[in-house]
Amino acid sequence: LWWAHSPPARLPRPPPADAGSGPVGPCGRRAYAPPAERKRFYQNVSISQGEGGFEINLDHRKLKTPQAKLFTVPSEALAIAVATEWDSQKDTIKFYTMHLTTLCNTALDNPMQRNKTQLIRAAVKFLETDTVCYRVEEPPALAELQKNEWDPVVAWAEKRYNVTIGSSTSILGPNIPASTKETFVSHLASYNMWALQGIEFVITQLKSLILSMSLIDRHITVEKAVLLSRLEEEYQIQRWGNVEWAHDYDLCELRARTAAGTLFVHLCSESSTVKHKLLQD
Amino acid sequence: MAALGTPLRTLRALLRELRHAAGRSYRDSPAYRHVLAAFRAHRVTSEKLCRAQQELHFQAATYLCLLRSVREHEALHREYHGRGERPPPEGAGL
């Protein structure tokens with residue numbers, strides 16, 4: 001078991017691959033994903049400081065990543081938040097709620113094996129299909145809502161980064177000038193690898209580079225960013241009604257992931273609290 | 001800077017969420033102590049407009065959003081998605 005230093009004898013072996021969870025490829029993503037839930041097997045969670053940074057202890061065992069690396073984070077505040085995730089699990093460990101732990105695991109293991117350039121490219125590519133740039137023409141009420149809610153944040157980004165972005169009702173999306181992309185590429189290059197993983201995560205959640213930068217730059221809150229990202233859903237909900245088990249469920253999940261990603265970026269970027277050795281690009 | 005409300009309100013809500021997450025010994029939990037210490041160090045409960053304080057407040061509000069959303073998401077999951085599939089005999093008997 002990958003998260004225990006010495007696997008205790010009494011814990012069960014992981015279920016065989018054909019136990020209904022689908023095909024497990026040799027280096028596919030399925031092989032990387034831990035089970036959704038398992039019983040809490042530790043009493044105490046604590047933090048300690050090692051050579052590379054801060055470590056999480058579950059009783060006397062040191063937490064490890066899915067690829068069996070020692071779980072080390074560069075920021076004490078981040079370690080505390082991760083420890084809190086582990087300590088707040090009750091009878092079962094619900095991995096799908098432990099977003100900070102997941103982000104740290106991704107940063108440490110880099111299972112997709114992406115380098116800084118690839119991460120930045122993936123992030124900036126989103127600009128071509130940025131949610132806030134993609135406008136509808138119908139129904140007029142929605143078009144108006146998009147104009148009122150999204151124009152200000154696009155304007156903010158254009159001013160803040162001194163770029164041209166614009167918006168479009170065309171199916172091809174907005175035409176983003178190369179200089180705009182270059183500006184964002186060089187801005188993102190100023191972040192370290194960990195923070196970049198977080199930024200790219202937030203972008204894929206919100207489906208918008210502009211909303212993500214607005215959030216990272218503390219121009220809007222997580223709740224606002226999520227609302228703006230889900231503007232069309234919110235519009236439809238107001239028109240047709242809310243379905244708690246779907247709408248609220250998605251809303252809470254998106255808020256949780258976006259909040260985790262944002263916090264992760266900020267905690268990995270603070271120079272005063274960060275162990276730079278760990279953040280090597 | 002984002003519209004956040006007062007730092008005191010955020011701090012109170014955040015401590016409440018941490019109490020909920022930690023259980024009995026919340027006051028001793030690292031997170032509770034860290035948040036209190038950070039707010040004290042920056043005196044965020046006053047009305048000064050220092051940039052470091054604003055950053056801390058934003059971070060606290062973000063963490064509050066995380067804890068709250070995870071709790072709400074889990075509650076919804078338990079309510080609507082926790083039961084899993086019925087076994088075939090039970091399903092057939094519906």
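The values are calculated or read from the model by the stated rules, or taken from the named source; none is laboratory data. Given the structure is predicted, the values throughout are model-derived calculations rather than measurements. Note: ideal-geometry Cβ built from the backbone for every residue, glycine included; neighbour counts use all protein chains shown. Side chains included, ligands, DNA and RNA excluded: accessible areas come from the protein's heavy atoms. Shrake-Rupley method; radii C 1.70, N 1.55, O 1.52, S 1.80 Å.
Any idea what the relative contact order of chain B is, in percent, if you count C-alpha pairs under 8 Å spaced at least 6 apart?
Details: 45 pairs, mean separation 31.8, N = 94.
This gives 34 percent for chain B.
Checking an interface number: how much accessible area is buried between A and B, summed over both chains, with a 1.4 Å probe, in Å² rounded to 100? Intermediate values should be presented prior to the final figure.
On the way: alone 15260 and 7460 Å², together 19910 Å².
Chains A and B together bury roughly 2800 Å² of accessible area.
Could you tell me the largest-minus-smallest coordinate of the C-alpha atoms of the range A:45-109 on each of the three principal axes, in descending order and whole angstroms?
Over the range A:45-109, Cα extents along the principal axes are 32, 21, 21 Å.
Using a 1.4 Å probe on the protein heavy atoms, what percent of the accessible area of the range A:29-171 belongs to carbon and sulfur?
Values: 3460 of 6990 Å².
Of all accessible area on the range A:29-171, carbon and sulfur atoms account for 50 percent.
Hey, which of these cross-link pairs are over 24 Å Cα-Cα: A:Lys69/A:Lys125; A:Lys90/A:Lys224; A:Lys39/A:Lys62; A:Lys147/A:Lys224; A:Lys116/A:Lys181?
Over 24 Å Cα-Cα: A:Lys69/A:Lys125; A:Lys90/A:Lys224.
As a test of the definition: which semi-axes, in Å, follow for the range A:47-194 when you take the square root of five times each eigenvalue of its alpha carbon gyration tensor? Largest first, please. Walk me through the numbers on the way to the answer.
Numbers: eigenvalues 318, 77, 36 Å².
Ellipsoid semi-axes (Å, largest first): 40, 20, 13.
Before rounding to the nearest 500, sum -39500 (n - 2.57) across all DSSP H runs of length at least 4 in chain B and divide by the residue total; then give [θ] at 222 nm in deg cm²/dmol. Please report the intermediate quantities before stating the final value.
On the way: 4 runs with 60 residues, N = 94.
The helix contribution divided over chain B gives -21000 deg cm²/dmol.
Residues in the range A:184-220, backbone N under 11 Å from the label point at A:Met112 (7 Å along the Cα-to-beta-carbon vector): list them, ranges by number please.
Taking a point 7 Å out along Cα→Cβ of A:Met112, the residues of the range A:184-220 whose backbone N falls under 11 Å are A:197-205.
Å³ per residue of the Cα convex hull, for the protein assembly as shown? Don't jump to the answer; show the numbers that get you there.
Details: hull volume 67.7 nm³, N = 375.
Measuring per residue, one finds 181 Å³ for the Cα hull of the protein assembly as shown.
Could you tell me what percent of the accessible area of the range A:197-243 is made up of carbon and sulfur, with a 1.4 Å probe and every protein chain present?
C and S atoms contribute 49 percent here.
Mind giving me the nanometre distance, one decimal, between the label points for A:Thr169 and A:Val185, set 7 Å out from Cα along Cα→Cβ?
It works out to 3.3 nm between the two label points.
With a probe of 1.4 Å, find how much accessible area the range A:47-147 has per residue, and write the answer as a whole number in Å².
I get 42 Å² per residue for this part.
What are the extents of the Cα atoms of the range A:116-269 along their three principal axes, listed from largest to smallest and rounded to whole Å?
Principal extents (Cα only, largest first): 44, 32, 23 Å.
If you take the charge dipole of the range B:1-82 about its Cα centre, with +1 on Lys and Arg Cβ and -1 on Asp and Glu Cβ, which of B:Ala31, B:Thr62, B:Ala75 is farthest toward its positive end?
The Cα lying farthest towards the positive end belongs to B:Ala31.
Tell me, what is the FRET efficiency for A:Ile47 and A:Glu270 to the nearest 0.05, using R0 = 22 angstrom and their Cβ-Cβ distance as r?
0.80
What number comes out for accessible area per residue over the range B:7-81 if the probe is 1.4 Å? Units Å², please.
For the range B:7-81, the per-residue accessible area is 58 Å².
Do you know the relative contact order of the range A:45-109, to the nearest whole percent, from alpha carbon pairs under 8 angstrom that are 6+ apart?
30
Compute the relative contact order of the range A:116-269 as a whole-number percentage, counting only Cα pairs closer than 8 Å that sit 6 or more residues apart in sequence.
Values: 178 pairs, mean separation 44.8, N = 154.
For the range A:116-269, the relative contact order is 29 percent.
So if R0 is 45 Å, what FRET efficiency would A:Asn162 and A:Glu244 give, r being the distance between their Cβ atoms, rounded to the nearest 0.05? Each step should come with its number before you reach the end.
Numbers: r = 43 Å, r/R0 = 0.97.
Using R0 = 45 Å, I get an efficiency of 0.55.
Sort all Cα-Cα distances of chain B into consecutive 5 angstrom bins from zero, then give the percent of pairs in each bin up to the one containing the longest distance.
2, 12, 19, 17, 13, 9, 7, 5, 5, 4, 3, 2, 1, 0
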